[in-house]
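All remarks here apply to the structure that follows.
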């Protein structure tokens, strides 16, 4: 997905929110905004928003001298989500359609996104997911929640690549991956996380903390982009990507960076950006299960 | 008033909105945003927001090759407001307290601000002003609407300087200036407009179209800033400013640039910015009559 003009003020806004959350002084935040301004002219609107996100958070890491400023937040997100794991499992097990429920919960877990919503009240959001009988799905636009297409392609797939998004959310992904394993025994499943820390995105450390390595081949994109920018990914990742015949892509960043790809990709995310909501023709916080082929 | 970090994304947002309203292509808007980004590092947060506004609109004028891109909009605003003039006059004349009503209407006219709200539906806003029995005044915070202080200082004043803000709004100012003239005969009244075109701010041309030169000494700030940045104003303007013992300052831009001055200034504006609303402790669209001494 290209970058819209409206993304530009939002890049600065997200940087301010991230820096404020990290407790930086105003003068240091201004320095960071100045550095973002410095790279803006070289940034083309034909690039995807996660490419700018990568640059912004690289600047923040450099200026703070902290290679993983969201580390504590990620550990806490994992812990809070792990505490919910038995409840989530029970919800899936007792659901009329366990796979559908697992899909729904995996998307709901995408709310744990400190890139889009730095003032997220995590416990409150998790409570809402648990309390909700069902998630907010706009069934009037079937292409935005194509569950039947998802099942059809999933059934036929042999090699499945699951592109994770955030720490904490990975527990919700685990629920879905385990349910897919329960239903189908013929699949080779890969889970890819970020190559190194970027915002609160899931890294190897988080995935291992949550036991993903026990249920799938755990790999990384080899990149610190908050999305999957293929030319920045490692050769190993691209090989898995190429050989996969079904890809589940979690989150806005992965969607924005892969939406123009010609593969069987199913995007699962919660809409957290008004520009994207407008482009898709949906509302903020809608639950999306959309495919590109 | 200093510039807040939150003003920085808003500078880019306002530039996009202005350029979109002017019908510029995306690639040209990106060029303009790149030029704004280029000057950002040199812009200190201790400067006032109108100083950045001045730079942004200078860039837009240069890039469009149009020294007055809001010209048609200003003419239309003047025409629409002029058509309301008899109704406004009638409202003041038949009010229990004509001066209070004239103050209320002068502030209400500050809604005609294409800098803060480029998607303004002018006719709709004017209809609302006419339909309203009274304007939205938060009487719980008396310092934000200090009418008694205003009257006290006005009564004592000999030389009054009225700092106008927008085209169209100047008709509402005319109503107030005429009412002040009706009530007090001992005052020398100056009205200052911008020295050259900036956004939809009132210039000499607009003031003359609306007959301000017939009721007051009409001067300009000598500057194209969307506020009164004293060191950028002409010597002539500063002389009038110095000798005035009472100043009415219309609009957010004038407030932001003069709030730290040590003169008897009464600011009249509608709050159109969330950062300012937060700083003042009021709500968006509140009607403000506030003094600084």
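Please treat every number below as a calculation from the coordinates, not as lab data. Worth saying up front: this structure is predicted, and the values here are computed from it rather than measured. FYI the Cβ positions are ideal-geometry reconstructions off the backbone, even for glycines, and counts take in every protein chain you see.
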| query | Tell me, A:284, B:268, B:52 in order of fewest to most beta-carbon neighbours within 10 Å? | reply | A:284, B:52, B:268
| field | Footprinting exposure proxy for A:161, B:204, A:289 (fewest neighbouring C-beta atoms within 10 Å first) | value | B:204, A:289, A:161
| task | Take peptide A:5-16, look around each residue's Cβ out to 10 angstrom, count Cβ atoms belonging to other protein chains, and average those counts. | result | 6
| message | On C-alpha positions alone, give me the angle between the axis of helix A:98-108 and the longest principal axis of chain A, in degrees, nearest 10. | response | 10 degrees
| note | Scattering profile of the range B:167-252 from the Debye formula, Cα beads only, expressed as log10 I(q)/I(0) at q = 0.16, 0.17, 0.24, 0.25 Å⁻¹, is -0.60, -0.68, -1.35, -1.43
| message | Out of all DSSP beta bridges in the protein assembly as shown, what portion is antiparallel? Express it as a percent rounded to 5. | response | 25 percent
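Mind checking B:251-257 for the average number of partner chain beta-carbons within 10 Å of each residue's beta-carbon?
Numbers: counts 0, 0, 0, 0, 0, 0, 0.
Taking the mean over all residues of the peptide, I get 0.
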| Using alpha-carbon pairs under 8 Å, 6+ residues apart, how would you state the relative contact order of the range B:74-198 in percent? | 39 percent
| Taking only Cα atoms, what is the 0 to 90° angle, nearest 10, from helix B:71-93's long axis to the longest principal axis of chain B? | 20 degrees
| Near-label residues of the range B:226-249 by backbone N, under 15 Å of a point 7 Å along Cα→Cβ of residue B:188 | B:236-247
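How do the peptides B:110-118, B:240-248, B:86-94 rank, highest first, by the average count of neighbouring beta carbon atoms within 10 Å per residue?
Numbers: B:110-118: 23.2, B:240-248: 19.6, B:86-94: 14.9.
By packing density, highest mean first, the sequence is B:110-118, B:240-248, B:86-94.
Order by neighbour count: B:64, A:143, A:220, fewest other Cβ atoms within 10 Å first, most last. Spell out each step's value before the answer.
Numbers: B:64 16, A:143 12, A:220 21.
Lowest to highest Cβ neighbour count: A:143, B:64, A:220.
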| field | Full-stretch length increase - residue B:100, residue B:130 - with 0.36 nm per residue and alpha-carbon distance subtracted | value | 9.2 nm
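Mean residue ellipticity at 222 nm from the helices of the protein assembly as shown, using -39,500 (n - 2.57) per DSSP H segment of n ≥ 4 over the full residue count, to the nearest 500 deg cm²/dmol? Walk me through the intermediate numbers first.
Working: 24 runs with 288 residues, N = 586.
It lands at -15500 deg cm²/dmol.
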| query | Hey, what angle do you get for helix B:169-183 against the long axis of chain B, alpha-carbon based, 0 to 90 degrees rounded to 10? | reply | 20 degrees
| field | Mean Cα-pair separation over length for the range A:7-64, i.e. relative contact order, pairs under 8 Å, 6 or more apart, % | value | 47 percent
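Would you please classify the overall shape of the range A:216-265 from the alpha carbon gyration tensor, given that a ≥ b ≥ c denote the square roots of the eigenvalues, rounded means a/c under 1.5, and beyond that prolate means a/b larger than b/c while oblate covers the rest?
Values: a/c = 1.40, a/b = 1.07, b/c = 1.30.
Since a/c stays below 1.5, the shape of the range A:216-265 is classed as rounded.
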| request: State, as an integer percentage, the relative contact order of the range B:71-291 based on alpha-carbon contacts under 8 Å between residues 6 or more apart. | output: 25 percent
| request: Quick one: grab Rg to one decimal and Dmax as a whole number for the protein assembly as shown, Cα atoms only, in Å. | output: 28.8, 95
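Per residue of A:34-45, what is the mean number of Cβ atoms on other protein chains within 10 angstrom of that residue's Cβ? Spell out each step's value before the answer.
Values: counts 6, 1, 3, 11, 4, 1, 8, 7, 1, 3, 1, 5.
Going residue by residue through A:34-45 and averaging, the value is 4.
Report the convex hull volume per residue for the range B:7-64, counting only C-alpha atoms, in Å³.
Details: hull volume 3.9 nm³, N = 58.
About 68 Å³ per residue, rounded to a whole number.
When 1/r is averaged over all different Cα pairs and the result inverted, which Kirkwood radius in Å belongs to chain B? Please list the in-between numbers first.
Details: mean 1/r = 0.0523 Å⁻¹.
This gives a value of 19.1 Å.
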| remark: Row for the range B:119-199, column shape: gyration tensor on C-alpha, a ≥ b ≥ c, rounded if a/c < 1.5 i.e. under 1.5, prolate if a/b over b/c, else oblate; value oblate
| request: Between residue A:140 and residue B:27, with labels modelled 7 Å along Cα→Cβ, what's the label distance in nm to one decimal, could you check? | output: 3.8 nm
